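See structure below.
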Amino acid sequence: MKKYNIIIIISLILLTVSCEDDKFIEQFPPDKLTTDVFWRNLEDAQSGLTAAYSELESRSNFWDGWQEGRPVVEYFRSDYALLGPDATNYGHWMSIYNFNYTNGHVFLDVMWTTNYKGLNFANQVITNVDKMTSEQISAADKQQIIGEATFLRGYYHFKLLTLFEQIVLRTEMVTLDNINQALATRPEAWEAITTDFKNAANMLPNTNTPENAGRATKGAALSYLGKAYLHKAGDSSSSEGDDYENAKSALKQVVDSGVYSLEPDFSSLFNGENENNSESIFELQFKSGDGSSWNATRLHAFVGDWCIGGWGGIEANISIVNDMKKEGMIATNGLYDNRLYGSLYFKDPFYNDTNTNEMQGSTWDVLIFETYKAIDAKDNSAYFRKWLPNFVRDNGYVGVNVVLMRYADVLLMYAETLNETGSTTEAIPIINNVREIHGLMPPITATTQSEVRTQIMHERTMELTLESTRFNDLRRWGILDSAMQTAGRTGFNASQHSYLPVPLSEIQTNDLVN
């Protein structure tokens with residue numbers, strides 16, 4: 001038995017002995033809650049559910065999790081990412097970018113442990129709320145809370161499986177009997193994930209009231225079910241012939257529900273000015289501090305360059321600008337695809353127009369000269385624009401939400417499933433709809449399945465850059481290695497780096513993992 005588990009077991013034994021010893025009086029202070037007496041009513045159930053939500057995207061571990069760990073792990077591994085000037089100050093950031101990390105890396109450990117904390121909380125809710133009586137909680141409230149917890153269990157497992165090659169499945173509360181558990185196969189993990197998303201979809205409502213914004217809905221469960229099947233279809237260890245059909249069925253239900261629609265102002269989806277809008281399916285909620293609460297973020301500082309008052313954590317490879325410009329200036333307003341300007345900033349007349357106020361209240365040339373003392377110092381540089389408020393400079397902790405699932409993603413995934421299942425002609429209008437509303441772009445000219453597949457890859461670049469999809473998409477399409485080589489990421493080796501290794505902390509504390 002390994003050290004960590006021995007400590008837990010000894011602690012539990014001591015508690016048991018102290019309760020059974022006749023020399024001691026059993027006392028239960030009325031002002032102390034235990035697991036046995038906590039789950040008393042709806043308020044307790046909702047508190048347990050809040051804890052389950054608290055671990056989303058490693059949010060509870062602010063610096064090594066949400067603020068630095070998640071963006072470094074998910075953004076830096078994209079072929080379109082470059083190290084920002086601040087990143088060179090941190091060896092553990094650079095090791096992720098250069099793919100020379102080990103299984104003892106702090107960010108791998110945090111991403112693993114916070115997601116398992118979320119799983120633990122979700123399983124506690126599922127188990128304990130299910131035991132509550134009708135006098136304690138109504139049937140409707142019980143179903144919704146268990147449904148949300150089931151969605152979260154699916155989400156945490158899905159997150160882990162897209163990051164790590166193998167994971168431990170935790171589908172019940174941790175006890176002394178199951179604390180040591182072997183790694184699951186990837187097919188076993190996919191089965192657990194899709195089952196949870198299916199069950200959650202059957203329990204959850206179509207919409208939430210405004211005060212419940214950010215909580216899972218039927219649409220969120222079905223969207224992630226579709227995404228899970230798409231990822232499974234591209235997973236050589238687990239793919240089955242009906243994966244695309246299963247994905248299509250789930251995503252079609254989201255489209256047919258009529259609950260969601262595309263927001264015309266693409267940039268407003270990411271700057272905190274249009275939160276929980278009609279395109280948002282699942283959104284991580286942030287709030288600037290006030291007298292009652294504090295739940296803010298500084299992701300914008302990590303993303304923003306020095307020239308706009310950011311920390312300079314990350315830059316964009318100029319190749320992504322070229323890729324996003326490749327259709328030419330054919331948007332209906334005479335510009336490139338307008339999603340380019342909502343995703344990136346770089347030297348361009350668009351950002352040197354004093355009338356548009358698109359460059360943080362100034363112009364590219366002015367800001368570059370003020371910061372780098374030469375107007376042409378960054379002519380071949382580009383930076384990501386998503387998750388930036390309208391003004392980064394002197395804007396500390398802010399409440400800019402981060403959308404985890406958007407309707408545009410669902411539409412492009414749905415078009416992909418249609419194309420892969422022989423309904424290419426049905427996929428084309430869906431692609432054109434996204435292009436027209438978000439990019440002000442004309443219809444595509446692609447007609448064959450192969451052409452449309454290539455177009456979908458382009459559209460996902462236009463839509464979802466810096467939304468933690470790129471690495472996973474390249475992997476499931478089977479082009480991850482070639483994309484990394486094209487980007488000059490010589491440290492990448494597909495056999496070693498397509499997934500993260502099981503963290504050393506799990507190997508040291510779990511007798512069945514080695």
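Assorted remarks:
- All conditions but one from (1) open to solvent by less than 70 Å² (accessible area, probe 1.4 Å); (2) modelled with pLDDT of 95 or more apply to SER60; the one that does not is (2).
- Any hit, the range 267-279, residues being closer than 25 Å to GLU165 by Cα, at pLDDT 95 or above, among the acidic types (Asp, Glu) and not in a helix (DSSP H, G or I): no
- Close Cβ contacts (under 6 Å, 6 or more residues apart or on different chains) running from residues in the range 312-333 that are among the charged types (D, E, K, R) to residues that are part of a loop (DSSP other than H, G, I, E, B) and open to solvent by 30 Å² or more (accessible area, probe 1.4 Å) comprise LYS325/TYR336.
- Any hit, the range 123-146, residues being in contact with a Phe, Trp or Tyr (Cβ under 8 Å, 6 or more places away or on another chain), among the small types (Gly, Ala, Ser) and touching a residue at least 60 places away in the same chain (Cβ under 8 Å): no
- Qualifying residue in the range 309-332 (condition: among the small types (Gly, Ala, Ser) and open to solvent by 50 Å² or more (accessible area, probe 1.4 Å)): no
- Test: residue in the range 347-357 that is open to solvent by less than 30 Å² (accessible area, probe 1.4 Å) and within 24 Å of GLU263 (Cβ to Cβ): yes
- Summed over the range 360-395, the residues that are within 28 Å of ARG70 (Cβ to Cβ) and open to solvent by 30 Å² or more (accessible area, probe 1.4 Å) give a count of 9.
- Count - residues of the range 196-231 that are without any contact (Cβ under 8 Å) to a residue 12 or more places away in the chain and among the hydroxyl-bearing types (Ser, Thr, Tyr): 1
- The residues of the range 249-286 that are closer than 30 Å to GLN360 by Cβ, charged (D, E, K, R) and open to solvent by 60 Å² or more (accessible area, probe 1.4 Å), listed by number, are ASP265, GLU273, GLU275.
This table checks each residue for (1) surrounded by fewer than 17 Cβ atoms within 10 Å (Cβ to Cβ); (2) more than 30 Å from ASN493 (Cα to Cα).
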site	(1), (2)
ILE96	no, no
PHE99	yes, no
HIS105	no, no
THR114	no, no
ALA122	no, yes
ASN128	no, yes
LYS131	yes, yes
ASP141	yes, yes
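- Every pair of residues 6+ apart whose Cβ atoms lie under 8 Å, when the first sits in the range 150-163 and is under 11 Å from ASN123 (Cβ atoms) and β-branched (Val, Ile, Thr) while the second is assigned to a helix (DSSP H, G or I) and at pLDDT 95 or above: THR150/ALA122; THR150/ILE126; THR150/ASP196; THR150/ASN199; THR150/ALA200; THR150/MET203
- Of all the residues in the range 430-471, those that are closer than 19 Å to GLU245 by Cα and either among the aromatic types (Phe, Trp, Tyr) or open to solvent by 50 Å² or more (accessible area, probe 1.4 Å) (or both) number 3.
Okay, residues lined up against (1) among the charged types (D, E, K, R); (2) modelled with pLDDT under 95; (3) over 24 Å from THR50 (Cα atoms):
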residue: GLN144; (1), (2), (3): no, no, no
residue: GLY154; (1), (2), (3): no, no, no
residue: HIS157; (1), (2), (3): no, no, no
residue: GLU172; (1), (2), (3): yes, no, no
residue: ALA182; (1), (2), (3): no, no, yes
residue: LEU204; (1), (2), (3): no, no, no
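- If you go through the range 381-397 and pick out every residue that is under 20 Å from GLU467 (Cβ atoms) and either among the aromatic types (Phe, Trp, Tyr) or under 19 Å from the mean Cα position of the chain (by Cα) (or both), you end up with 6.
- Conditions (1) at pLDDT 95 or above; (2) closer than 23 Å to LEU49 by Cα; number of the one not met by ASN208: (1)
Residues checked against (1) under 22 Å from LEU269 (Cα atoms); (2) modelled with pLDDT of 95 or more; (3) part of a loop (DSSP other than H, G, I, E, B):
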| residue | (1), (2), (3) |
| --- | --- |
| TYR351 | yes, yes, no |
| LEU367 | no, yes, no |
| ALA374 | no, yes, yes |
| ASN380 | no, yes, yes |
| TYR383 | yes, yes, no |
| LYS386 | yes, yes, yes |
| ASN395 | yes, no, yes |
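For (1) under 29 Å from THR417 (Cα atoms); (2) among the acidic types (Asp, Glu), each residue gets a yes or a no:
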residue: SER249; (1), (2): yes, no
residue: GLY258; (1), (2): yes, no
residue: GLU263; (1), (2): yes, yes
residue: GLU273; (1), (2): no, yes
residue: ILE281; (1), (2): yes, no
residue: LEU284; (1), (2): yes, no
residue: ASP290; (1), (2): no, yes
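- Condition met for ASP337 (in contact with a Gly (Cβ under 9 Å, 6 or more places away or on another chain), crowded, with 18+ Cβ neighbours inside 10 Å, acidic (Asp, Glu) and not in a helix (DSSP H, G or I)): yes
- GLY289 vs. criteria out of contact with any Asp or Glu (no Cβ under 9 Å at 6 or more places or on another chain) and farther than 21 Å from ALA200 by Cα: yes
- For first residues located in the range 443-465 and of a type outside the set (Phe, Trp, Tyr), partners that are part of a loop (DSSP other than H, G, I, E, B) and open to solvent by 70 Å² or more (accessible area, probe 1.4 Å) and lie 6+ apart or on another chain with Cβ distances below 9 Å form the pairs GLU451/THR445; GLN455/THR445; HIS458/LYS326.
- The listed residue being among the acidic types (Asp, Glu) and touching a strand residue (DSSP E or B) at 6+ places or on another chain (Cβ under 8 Å), out of GLU148, GLU165: GLU165
The values are calculated or read from the model by the stated rules, or taken from the named source; none is laboratory data. From a predicted model like this one, the values you see are computed outputs, not experimental measurements. Heads up, the Cβs are rebuilt from the backbone with ideal geometry, glycines too, and the neighbour counts pull from every protein chain shown. These accessible areas exclude ligands, DNA and RNA; they are computed on the full protein's heavy atoms, side chains included. Shrake-Rupley method; radii C 1.70, N 1.55, O 1.52, S 1.80 Å.
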